Each structure stands twice: as C-alpha cells, then as structure tokens.
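Remarks on the structure that follows.
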Amino acid sequence: MLQKLTYLIFLSLTSFLISAQTVVGIIEHDGITRDYILHLPTGYDASQSYPFVYNLHGFTSNAEQQQFYSGMDITSDANGFIVCYPNGVDNSWNVGWTFGSNADDVDFLLTLVDALAEDYNINYNRLYSCGMSNGGFMSYKLACEVSDKFAAIASVTGSIVPSELEACDPIRKIPVMQIHGTADPTVAYNGSSIGAPIEDVVNFWAENNVCNLMPETIQIEDINSSDQCTAERIQYTDCDKDTEVVFYKIEGGEHTWPGAAITIGVTNQDFNASQEIWNFFDLFDLNGAIISSNEDVVQPSKIQLFPNPMSSYFTMSNLPIDTKKVTIIDAFGKTIFSQKNIHGTSENISVEHFATGLYFVITEGEKTRELVKFVKQ
C-alpha cells in the first residue's frame, strides 16, 4: 500500500547540453520504506507522454550501481524514454528463491509506476522492464504475472526459477529478449537449482508466443577481438499478436552487461546491451508491434566504434547515411571535437590528445541524431 512519496531533484549536464533531471525518491510500500532513482530524458516535456523502463539491479547490488554499470541514462537521453532504477529489499528481488527478499515486488513495481505517473507523463501502453541477473529474473516474473501491464521485457544474465517456469502462465503474449553468456559462472547457462537452462527459457517464450520455432541466427560482427567472446543474435519471428523473442547468445561471455564501460568479467563489446534492449522495446506497445504512419521516423542506427576503449584513434562505422556532423563531448558536456562534411558511412577520428576518461560521440543528420559513448585510455 502506498503511504508516502517524496523526492529530491537535481540537474545534470547531458550529452546534448540540455538539462536532464535525475530524481532520487522514497516510497512506503507494505510498511517498508523503498527507494529508487528516476532519470528523465534530455528535453523532458511534461506535455508529452513518454515510454517508461524499469532497469532492475542484480542480487546484492543496488539502483545506483545498476544506473552506472548499464549506462542506460545515455540511451534514455538519446532515445527519449524515462528510466527508473528501484531498489529491492535487502538488495534483492523476490523471484521465488528460498533466500533473498520476501517482499511483494510485483505489487511494489506496479504501485511505484502509478505513484510516479501522478507527477510525470508516463505512457501506460509503453511500460517495459529489464534487469541484470536477479533483476532479469524479476522482469520475467512481471512477464509471467502481469503481462497485461508490460509491453515487453528483457533479461541480461537472468533466468527463471525452475518451479516458476513450470507455473508461468501469462495472460498475454509478450515480447521477450534474453542476453546471456555461455560461461556465466553465477547464473549457469545450462541451468541450476536457482535458474532454468537459458535455452529452455528462450524456448518457453517462443512457444508461449506461438512463434516459428525455426529461428533466424545472425552472427554479430566481432568488432572487438580482445573481449575474449563473440555473440550471435537468435530471433524468433512470425509470432502470435505480432510479438518476437530475441536471444543474444554470447559464446564465452560471463556474468556481465555487454557494452559496459566497466569490465567485471568477460564482457562482450560487439554490441551495447542498453541500446539493443531499447531498440527491441521500441518496436512494441501493449497492442503488439508499433506501426507508424510517419514516413520521417528513422529507426535507431547501430553505430559502431572500434576499438573501444581506445588510446590514439577510433573508427566509426555504420553511420546513418544522412550524417552531416560529428561532435565529441566530455562527461561534463564540453565540446572537444566537431567535424562537418561527413561523407560515407565510416569515419576515422584521432583522440591521441584527449585526456583519459569517458566521452560521447553525437552524430547529427536531417532525420537522425545518435549518441555513442567511448572510453579514452
């Protein structure tokens, strides 16, 4: 039950040099004080309705760590959605384990979004949930129990408790994305007492959504050969209610968030999990696939930087064909580099004289504006 909601707001300079808001708040639920971090995207306009994404932390982790590790604020700013990082009780989510939280986290997350909607313009047809490890388990629990509330979910290094998988009976077909490494030492790829085998989980959702069970498999370009792993994208289509199931299988990948600037194990750097999750979410609302009649809508590009991290230079590839300008800013919003007259879909840029740290590349065109982060070593 909701009893109280308070929050603090502070401003931070964003990659597009427009103030974004980060909200640190508390909420009373079932007699327990819970807290969260909310990020409003660059240029937030209360007169417009925004998609809303939960990004749930792993077991023993917390909201602040998940915000920093996943880097999803950057994706939020570049693509215009609200992202919320709640904290679980005792740094855990109640997903059916015999340990960890006993809180009613499904009701908590539904209650929290309702409370936030009193102050922010949230599009209820576009609620999503993703998470790392225990947060991925929790996102699956939402899909099993309240699929009528969430348009799509994604799990990174998470699974479903075996008994929960047997009992899972969604009332709606729901798009699902799974990202998992075959060498994950925490949530085993082949299953354990805490989590079902990952391929069983993916197959469950493909069958639940009545998909074509002969998926299309695409090998992800190995743009970073030093990350000790490779990835492939396994996509189940022709599903009921215009849904999909997508599985990023990372050969040799460990218990990590692909694309993360911080390496805490074998971390795939051939794609960015936060951006790929949003690209997937952006295809669906509660009614199924989003079909736009606006001819000017441009899907997010898959700009790639190599190497990343880098020391002297990098190559940008897969630039949108309408790119006219490339700008690089530092973590404080200061413009470090700007170049116009971009020709073609790739560009080499020297960073030899840049200071060590985190930077953002912004590409701008007539119909596109994209953002990619990189680390200068």
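The values are calculated or read from the model by the stated rules, or taken from the named source; none is laboratory data. These numbers were taken from a predicted model, which means no experiment stands behind them. All Cβ positions, even for glycine, are placed from backbone atoms using ideal geometry, and neighbour counts span all protein chains on display.
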Scope segment 129-172; condition among the basic types (Lys, Arg) and surrounded by fewer than 20 Cβ atoms within 10 Å (Cβ to Cβ); matching residues = 149, 172
remark   = Scanning segment 100-114 for residues that are among the aliphatic types (A, V, I, L, M) and touching a Leu at 6+ places or on another chain (Cβ under 8 Å) gives 106, 109, 113
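Residue by residue, here is whether (1) at pLDDT below 95; (2) closer than 18 Å to residue 132 by Cα; (3) surrounded by 19 or more Cβ atoms within 10 Å (Cβ to Cβ); (4) not acidic (Asp, Glu) holds:
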{"residue": "221", "(1), (2), (3), (4)": "yes, no, no, no"}
{"residue": "225", "(1), (2), (3), (4)": "yes, no, no, yes"}
{"residue": "234", "(1), (2), (3), (4)": "no, no, no, yes"}
{"residue": "261", "(1), (2), (3), (4)": "yes, yes, no, yes"}
{"residue": "267", "(1), (2), (3), (4)": "no, yes, yes, yes"}
{"residue": "271", "(1), (2), (3), (4)": "yes, yes, yes, yes"}
request  = For segment 216-234, enumerate the residues that are under 25 Å from residue 152 (Cβ atoms) and touching a Ser or Thr at 6+ places or on another chain (Cβ under 8 Å).
outcome  = 216, 219, 220, 232, 233, 234
remark   = Subset of segment 220-246, residues outside any strand (DSSP E or B) and either within 24 Å of residue 303 (Cα to Cα) or not assigned by TED's automatic domain parsing to the domain that holds residue 280 (or both), comes to 220, 221, 222, 223, 224, 225, 226, 227, 228, 229, 244
ask   = Quick one: which helices (runs of 4 or more DSSP H) sit completely within segment 99-212 and have at least 3 residues that are closer than 28 Å to residue 43 by Cβ?
value = 105-117
query = When you go through (1) in a strand (DSSP E or B); (2) within 15 Å of the chain's Cα centre (by Cα); (3) over 22 Å from residue 127 (Cα atoms) one by one for residue 261, which number turns out not to apply?
reply = (1)
key: Candidates 106, 89, 95, 113 - the one that is touching a residue at least 24 places away in the same chain (Cβ under 8 Å), out of contact with any Phe, Trp or Tyr (no Cβ under 9 Å at 6 or more places or on another chain) and either within 23 Å of residue 71 (Cα to Cα) or not basic (Lys, Arg) (or both)   = 106
request  = Filter segment 322-358 down to residues that are free of Cβ contacts under 8 Å to residues at least 40 places away in the same chain and either outside any strand (DSSP E or B) or acidic (Asp, Glu) (or both), then give me how many there are.
outcome  = 14
Selection within segment 275-309 - touching a helix residue (DSSP H, G or I) at 6+ places or on another chain (Cβ under 7 Å) and either aromatic (Phe, Trp, Tyr) or modelled with pLDDT of 95 or more (or both) = 278
ask   = Quick check: is even one residue across segment 156-170 under 20 Å from residue 290 (Cα atoms), at pLDDT 95 or above and in the same structural domain as residue 67 (by TED's automatic domain parsing)?
value = no
